[in-house]
Amino acid sequence: MQIEMKPDRKQVAVGLEARELEWEFAPTRTVRGYGFNGQVPGPTIEAEVGDTLVVGLRNGLAEPTTIHWHGLRVPAEMDGTEMVQRPVEPGETFEYRFVVPDAGTFWYHSHVNETEQLERGLYGALVVRGPDEPVFDQERVLLIDDLKLDQQGQIAAFGDPHEQHAGREGEVRLVNGTQEPELDIPAGQIERWRIVNAANTRFVRLSIGARPFSMLGTDGGLLPAPLEAKEVLVTPGERVDLAVGPFAEGELVEIEALPYDRGKGESQPERFATLRVGPVASSRATIPDALRRIDPLVAGSAEPTRTVSLKALMHGGQHQRDEPVRVGQLQVWDLVNETGQDHPFHLHGFFFQIVEENGEPPPVVSWKDTVNVPRKAQVRIAWLPDDRPGEWMYHCHILEHHAMGMMAHFAVIR
Ligand code: C2O
Ligand code: CU
Ligand code: CU
């Protein structure tokens, strides 16, 4: 008899302690924040597809918390919501343990009192690499965020009724916990940037000095092929992977958000960081023509199996419950937004594909877990519940909307 050798699954063990800290977001400017292991953002967790991630969370805060693994197809019990676990009380610990099944750019964040805990800094990136990733000269993770300060320069109080409706945006624009940092890149090189929008509400229509870049991936990993663009809208919760460069020595490139109207009027162009191009270095980067194969879940037109009215969701209050879905049964959901503002819709634990936006197919098929549904628009998504029964949820990733009840729980059943 032949004994099949299973490849050894590597274990990645991480300790994360949530605790208060003095967050120095700019030279000589600090606020009282929350961080994992004393830093904002928390440490970037890196793993390879198939690894087992073991995270020991210790709650050193004065309030309960949990960790949600945004975008990871974990078992329901590991999802970090209050539906599947008791919040971790001050002084307590909890162990998260799961296999990371997909390559991509993910993130982790608190899922209790999120409007405050994320604003104060309880989030970090999680990078999972596949066996044949494209080769670049350098890779970086950029977590985009903003911070709302009060007159005293401390984090502004929470619970402003205006914020509940409009969301919370702050004037301090952050990349990796630092206000408008300066980044360095050698001339002639091409880098892979993994970008996460970790802001409570702020939409980022990202431009890198109006230069073309290649979109390599979205929430759920690589695209079928690189897509040339000069800008990309990244709403709260979303990720994009970009191939950036090459630039010429001496250039100064602004990384900024272009004006966008999410239903609250057109914003101003706003800088998040500056890229300073140094002396030339040799490059080994190659952007392949094809990245991976993604089969569409839906061929041609499909009858929706469910309609999710974002307006009803917005006004439905806490603890809304949607119908269960059955493992293996294709879901085709129409997300209908009749409200006056855009809402980034996020599904926990499963990837979906965008089938159409206002009747039009998207330019490329990709895996997503968060999609912006523009105001007065409709987005049709398709997803297949794989065999991970339990309690799941979807919600608007404008955290103030989520907090006021723009969410629903549902069960995945066998
Ligand atoms: Cu980033 Cu409930 O999610
Ligand atoms: Cu999530
Ligand atoms: Cu919303």
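The values are calculated or read from the model by the stated rules, or taken from the named source; none is laboratory data. All figures in this text were calculated on a predicted structure; none of them were measured in a lab. Here the Cβ positions follow ideal geometry from the backbone for every residue, glycine too, while neighbour counts run over all protein chains shown. Note: areas computed on protein heavy atoms with side chains; ligands, DNA, RNA excluded. Shrake-Rupley method; radii C 1.70, N 1.55, O 1.52, S 1.80 Å.
Looking at ALA382, ALA312, ALA299, ALA377 in this structure, which one is surrounded by fewer than 20 Cβ atoms within 10 Å (Cβ to Cβ) and in contact (Cβ under 8 Å) with a residue 60 or more places away in the chain? Even if it seems obvious, please write down each step before you answer.
Details: ALA312 fails: in contact (Cβ under 8 Å) with a residue 60 or more places away in the chain; ALA299 fails: in contact (Cβ under 8 Å) with a residue 60 or more places away in the chain; ALA377 fails: in contact (Cβ under 8 Å) with a residue 60 or more places away in the chain.
From the options ALA382, ALA312, ALA299, ALA377, the qualifying one is ALA382.
Determine which single condition THR307 fails, assuming it passes every other condition in (1) part of a loop (DSSP other than H, G, I, E, B); (2) open to solvent by 60 Å² or more (accessible area, probe 1.4 Å); (3) of a type in the set (Val, Ile, Thr).
(1)
Given the options PHE94, PHE106, name the one that is modelled with pLDDT of 95 or more, in contact with a strand residue (DSSP E or B) (Cβ under 8 Å, 6 or more places away or on another chain) and farther than 27 Å from LEU174 by Cβ.
Numbers: PHE106 fails: farther than 27 Å from LEU174 by Cβ.
Just one listed residue meets the conditions, PHE94.
Look through THR305, THR370 and report the one residue that is under 27 Å from ARG73 (Cα atoms) and without any contact (Cβ under 8 Å) to a residue 40 or more places away in the chain. Quick ask: steps written out before the conclusion?
Values: THR370 fails: without any contact (Cβ under 8 Å) to a residue 40 or more places away in the chain.
Residue meeting the stated conditions: THR305.
List every residue pair whose Cβ atoms lie under 8 Å apart, where the two residues are 6 or more positions apart in sequence or sit on different chains, the first residue falls within the range 389-410 and is under 20 Å from ARG306 (Cα atoms), and the second residue, located anywhere, is within 13 Å of ligand 2 (Cβ to nearest atom) and of a type in the set (Val, Ile, Thr).
Here the result reads GLY390/VAL84; GLU391/THR81; GLU391/VAL84; MET393/THR81, each pair linking the range 389-410 to a residue that is within 13 Å of ligand 2 (Cβ to nearest atom) and of a type in the set (Val, Ile, Thr).
Somewhere in the range 331-340, is a residue more than 16 Å from ligand 2 (Cβ to nearest atom), touching a residue at least 60 places away in the same chain (Cβ under 8 Å) and surrounded by 14 or more Cβ atoms within 10 Å (Cβ to Cβ)?
yes
Look at VAL412 and say whether it is within 16 Å of ligand 3 (Cβ to nearest atom) and of a type outside the set (Gly, Ala, Ser).
Values: within 16 Å of ligand 3 (Cβ to nearest atom): no; of a type outside the set (Gly, Ala, Ser): yes.
Here the answer is no, as VAL412 does not meet what is asked.
Among the residues of the range 201-220, write down those that are over 28 Å from VAL49 (Cβ atoms), assigned to a strand (DSSP E or B) and open to solvent by 10 Å² or more (accessible area, probe 1.4 Å).
Result: ARG205, single match.
How many residues are closer than 12 Å to GLY349 by Cα, acidic (Asp, Glu) and within 14 Å of ligand 3 (Cβ to nearest atom) when one looks only at the range 359-404?
Adding up the residues that qualify gives 0.
In contact with a Leu (Cβ under 6 Å, 6 or more places away or on another chain) and either closer than 22 Å to GLY167 by Cα or in a loop (DSSP other than H, G, I, E, B) (or both): does that describe VAL298?
Values: in contact with a Leu (Cβ under 6 Å, 6 or more places away or on another chain): no; either closer than 22 Å to GLY167 by Cα or in a loop (DSSP other than H, G, I, E, B) (or both): yes.
No.
Determine which single condition LEU223 fails, assuming it passes every other condition in (1) outside any strand (DSSP E or B); (2) open to solvent by less than 10 Å² (accessible area, probe 1.4 Å).
Only one criterion in (1) outside any strand (DSSP E or B); (2) open to solvent by less than 10 Å² (accessible area, probe 1.4 Å) is unmet by LEU223, namely (1).
All but one of (1) within 20 Å of VAL54 (Cβ to Cβ); (2) in contact with a Phe, Trp or Tyr (Cβ under 7 Å, 6 or more places away or on another chain) hold for ILE144; which doesn't?
(1)
Quick test for you: out of VAL365, VAL355, pick the one residue that is under 28 Å from PRO75 (Cβ atoms), aliphatic (A, V, I, L, M) and assigned to a loop (DSSP other than H, G, I, E, B).
Working: VAL355 fails: assigned to a loop (DSSP other than H, G, I, E, B).
Being under 28 Å from PRO75 (Cβ atoms), aliphatic (A, V, I, L, M) and assigned to a loop (DSSP other than H, G, I, E, B) holds for just one of VAL365, VAL355, which is VAL365.
Got a sec? Which of VAL31, VAL40 is open to solvent by 10 Å² or more (accessible area, probe 1.4 Å) and more than 21 Å from ALA403 (Cα to Cα)?
Details: VAL31 fails: open to solvent by 10 Å² or more (accessible area, probe 1.4 Å).
From the options VAL31, VAL40, the qualifying one is VAL40.
Within the range 390-414, take every residue that is more than 20 Å from the chain's Cα centre (by Cα) and assigned to a strand (DSSP E or B) and give me the one that is surrounded by the fewest Cβ atoms within 10 Å (Cβ to Cβ).
ILE413
Which condition from (1) in a loop (DSSP other than H, G, I, E, B); (2) touching a Ser or Thr at 6+ places or on another chain (Cβ under 7 Å) is the one that GLY340 breaks?
All conditions are met except number (2).
Could you tell me which of the residues PRO344, PRO362 is under 21 Å from the mean Cα position of the chain (by Cα), surrounded by fewer than 16 Cβ atoms within 10 Å (Cβ to Cβ) and on the phi < 0 side of the Ramachandran plot?
Details: PRO344 fails: surrounded by fewer than 16 Cβ atoms within 10 Å (Cβ to Cβ).
So the residue among PRO344, PRO362 that is under 21 Å from the mean Cα position of the chain (by Cα), surrounded by fewer than 16 Cβ atoms within 10 Å (Cβ to Cβ) and on the phi < 0 side of the Ramachandran plot is PRO362.
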